[in-house]
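The values are calculated or read from the model by the stated rules, or taken from the named source; none is laboratory data. Bear in mind the structure is a predicted one, so any value in this text is a computation, not a measurement. Here Cβ is always computed from backbone atoms with ideal geometry, including for glycine, and neighbour counts include all displayed protein chains. All accessible areas refer to the heavy atoms of the entire protein, side chains included, with ligands and DNA or RNA removed. Shrake-Rupley method; radii C 1.70, N 1.55, O 1.52, S 1.80 Å.
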Amino acid sequence: TYTYLGHLTEDDLKGVEKKSILGVLGELESICRFAVDAEASIGKFEEFRLDFALVLLQSGLLDKRTLGLGIICDATQAVLKKEQVYYYKNDDVEGPKQEEQQVWMDSGFLCKWLEEKDVIEYLYGESLHVELLSRCVDIPRFLAMYRQLSRKHVDIMWDATRGFLIIIFLIFDI
């Protein structure tokens with residue numbers, strides 16, 4: 001199932017509603033929570049959920065991109081809550097409202113995943129979209145809270161401000 005869902009194309013995703021995607025993810029998570037080795041199953045599922053969110057984020061469909069971004073932002077909030085770190089919830093993010101359940105991943109895993117997948121580069125680089133920027137403040141804030149927002153990230157974000165006044169305001173809000 002993970003392999004199939006992880007390789008869906010933009011054309012495959014076009015006709016799929018947000019509710020359906022969230023329903024499938026919710027059912028997969030429920031199955032994992034009742035597995036014999038639930039902790040390992042949840043770990044694999046959470047990693048898959050992030051990878052699938054990246055597939056959605058990198059699609060050309062704005063509704064799927066915002067959904068993918070919402071899933072990633074929800075992961076940052078879940079980790080902050082798990083680690084009992086003060087956090088700011090961006091209510092503008094359009095993603096699943098996760099139930100109060102224990103998460104497997106920690107800040108080290110999520111920071112490494114965000115870096116390896118070049119999420120900041122994607123959001124603030126050539127694929128920049130104002131609608132996504134207004135919803136992604138949780139990600140650079142999360143990295144900054146764990147001292148993982150690098151000079152390279154700041155430079156990429158700064159370069160994104162050139163020519164767009166609204167982007168300047170969005171970035172300074174972080």
Would you mind checking region 125-141 for residues with the amide N under 19 Å from a putative spin-label position 7 Å along Cα→C-beta of LYS152?
-> 125-128, 139-141
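Net charge near TRP104, counting Lys/Arg +1 and Asp/Glu -1 over other residues with Cβ under 13 Å of its Cβ? Intermediate results must be reported in sequence, preceding the final value.
Working: positive: ARG33, LYS44, ARG49, LYS82; negative: GLU29, ASP37, GLU39, GLU46, GLU47, GLU83, ASP106.
Residues close to TRP104 contribute a combined charge of -3.
Using a simple charge model, +1 on the beta-carbon of Lys and Arg, -1 on the beta-carbon of Asp and Glu, nothing else, what dipole does region 23-74 show about its Cα centre, in debye to the nearest 20? Walk me through the intermediate numbers first.
On the way: 5 positive and 9 negative charges, 42 e Å.
Around 200 debye, computed over region 23-74.
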Report the net charge of residues surrounding GLU47, where surrounding means a beta-carbon distance below 12 angstrom and charges are Lys +1, Arg +1, Asp -1, Glu -1.
-> +1
Residue-wise, which Karplus ³J(HN,Hα) couplings in Hz belong to region 77-83, taking 6.51 cos²θ - 1.76 cosθ + 1.60, θ = phi - 60°, and x for glycine or proline?
-> 5, 5, 5, 4, 5, 4, 8
What does the accessible area of MET145 come to, in Å² to the nearest 10, when a probe of 1.4 Å is used?
-> 80
Local electrostatic count, HIS129, Cβ distance below 13 Å [Lys/Arg +1, Asp/Glu -1] = 0
